[in-house]
Amino acid sequence: MAVPATHCCSLLPYSLFTIRQSPSLFITARPMLENFSFRTIVEYLPLFGQGLVTTVWLSALSFAGALAVGIVLAAMNLQRGRLFRVPAKAYIDAVRATPLLAQLYFLYFGLPRLGFVLPELVVGILALSLNSGAYVAEIIRAGILSIPRGQVEAGVASGMTYVQRMRFVILPQAFKVTIPPLLGQAIVLVKDSALLSLISVSELTRAGQLLASDRFMPAEGFITIAAFYLLLYYGLKGLAALSGRWFGLQPARSST
Amino acid sequence: MIWQQLQSLAGSYPLALRGLGMTVVLSLISLVLGTLLGFGLGILRTGGNRLISAAIGAWVDLIRGTPFLVQIFLIFFILPEFGIELDAFTAGIIALTNLAACFICEIVVAGIRSVPTGQVEAALASGLSRWQRMRQVVLPQAMRIVLPPLVGQYVLLIKDSSVVSAIGLTDLTRVGWLVVQRVPNGLLVFFLVGVGYFIVCYPLIMLARRLERRMGAAHGEVQL
């Protein structure tokens with residue numbers, strides 16, 4: 001379904017706010033949700049479908065980016081030398097102590113200033129990757145540090161090199177431990193991607209906002225997208241449970 | 001050059017202070033209410049009544065499964081249809097309190113479950129009432145598990161309060177958004193907004209880490 005041209009450049013929530021300013025319209029016209037219109041939802045279903053697909057693939061892409069950022073940061077953070085460790089720690093702390101929305105706006109309004117004029121979608125994926133990357137880095141670091149020292153020492157005693165120890169001893173065990181929290185982070189990322197609607201990326205939440213502002217039907221719009229997000233949430237949660245059974249572990253139990 | 005840019009923003013500093021004040025007030029109110037409600041829900045959920053704990057569990061899942069932005073929109077735009085008139089501030093407080101309560105409920109449940117059953121049985125055998133068992137035996141021991149993620153949750157709450165700018169509350173993030181419309185220097189403006197949040201959040205992050213280390217690293221999982 002075509003997106004009306006009037007909305008493509010405005011930061012929508014603030015225009016939504018103005019709709020809400022005339023509440024008498026709602027209250028007199030549709031008390032107690034009694035004319036909740038399933039027909040309109042069905043009519044807008046293609047738009048919601050598109051939004052859902054966009055949310056899924058942009059979250060997947062951002063998660064891949066977050067893994068890349070996280071692995072690099074975790075590797076830097078585990079070094080003995082300060083040269084790498086200090087910048088990595090500073091980055092992680094800075095990201096964790098500021099809200100994603102401010103980071104998003106920082107990139108959205110800041111990148112053009114540096115001469116990078118990117119589409120909103122790219123800015124959004126970049127922001128999500130950079131934000132989640134910091135959390136992923138902490139998860140990976142915790143996973144590697146959860147491997148008992150004895151394992152490393154046994155590797156050393158067996159005459160393994162650093163790379164061999166990493167490859168055959170530490171990473172396979174750390175991998176198992178990190179999967180459940182990583183899936184937890186994926187859930188957070190999918191939910192965070194809703195914020196991209198505020199820089200007018202046409203994902204799931206944006207679809208709900210369009211229905212709310214075009215037809216003055218916020219209930220239909222937002223309840224529908226909430227249902228779609230729950231679908232994604234339970235999907236990922238099921239996956240987390242499955243992976244837990246697959247690897248035969250309760251999350252983060254260190255075995256000796 | 002940086003100095004000139006900063007000077008161009010100097011006029012906005014009362015607005016920025018108001019924004020920071022709004023962020024702090026919003027977070028503080030919903031933090032207190034959310035903690036009380038969260039502990040209440042957590043205790044109810046472990047109380048043994050199947051129906052109540054299933055209902056709380058479903059609600060918590062509902063809140064954990066949807067983006068906070070969507071929750072705010074739902075509260076702000078849909079409650080009025082049930083005849084409940086809300087201004088943006090009240091809607092923001094309700095949304096934040098609800099979010100905090102749900103996450104804190106999970107933390108409290110994990111804490112209460114970590115207390116060995118022998119402790120409860122001993123308290124029962126000593127003839128302590130239900131309330132006394134909770135107040136004097138279970139909760140003090142559960143706090144060891146609860147405290148570090150609780151502080152971490154406060155950090156998340158302060159950060160999530162930025163999302164209420166979407167319904168027009170002038171918090172710190174919204175101030176940045178407003179200023180950037182006039183002074184097109186997104187880099188500096190949102191850097192300063194970030195500094196504002198950092199000043200509030202970073203001490204809490206440090207506190208959470210410290211508590212985690214002190215309470216034994218084994219239990220120090222961050223709840224997201």
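The values are calculated or read from the model by the stated rules, or taken from the named source; none is laboratory data. Please read all numbers here as calculations on a predicted model, not as lab measurements. Glycine also receives a Cβ, built like all others from the backbone with ideal geometry; neighbour counts cover every protein chain displayed.
The rows are residues; the columns are (1) within 25 Å of A:V190 (Cβ to Cβ); (2) at pLDDT 90 or above; (3) not hydroxyl-bearing (S, T, Y).
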| site | (1), (2), (3) |
| --- | --- |
| B:L6 | no, no, yes |
| B:M22 | no, yes, yes |
| B:L44 | no, yes, yes |
| B:G57 | yes, yes, yes |
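Under the condition of being assigned to a helix (DSSP H, G or I), of a type in the set (S, T, Y) and farther than 30 Å from B:S27 by Cβ, the residues counted in the range A:44-99 number 1.
The helices (runs of 4 or more DSSP H) found wholly in the range B:116-187 and carrying at least 1 residues that are more than 10 Å from every other protein chain (Cβ to nearest Cβ) and of a type in the set (S, T, Y) occupy B:117-125, B:139-160.
Among the residues that make up the range A:111-126, is at least one of them away from chain B (no Cβ under 11 Å), touching a Gly at 6+ places or on another chain (Cβ under 8 Å) and either in a helix (DSSP H, G or I) or at pLDDT 90 or above (or both)? So far as the range A:111-126 goes, yes, one or more of its residues are away from chain B (no Cβ under 11 Å), touching a Gly at 6+ places or on another chain (Cβ under 8 Å) and either in a helix (DSSP H, G or I) or at pLDDT 90 or above (or both). Looking at the structure I just gave you, is A:L231 touching a Phe, Trp or Tyr at 6+ places or on another chain (Cβ under 9 Å) and either modelled with pLDDT under 95 or among the basic types (K, R) (or both)? No. Going through (1) outside any helix (DSSP H, G or I); (2) more than 10 Å from every other protein chain (Cβ to nearest Cβ); (3) crowded, with 20+ Cβ neighbours inside 10 Å one by one, A:V136 falls short only on (1). Among the residues of the range B:70-110, those that are at the interface with chain A (Cβ under 10 Å from one of its Cβ atoms) and of a type in the set (G, A, S) comprise B:G83, B:A88, B:A91. For the range A:36-43, the count of residues that are modelled with pLDDT under 85 and within 14 Å of chain B (Cβ to nearest Cβ) is at least one. Contact map, the range A:92-118: residues that are among the basic types (K, R) paired with residues that are in a loop (DSSP other than H, G, I, E, B), Cβ distance under 7 Å, separation 6+ or inter-chain. Pairs shown: A:R113/B:N185.
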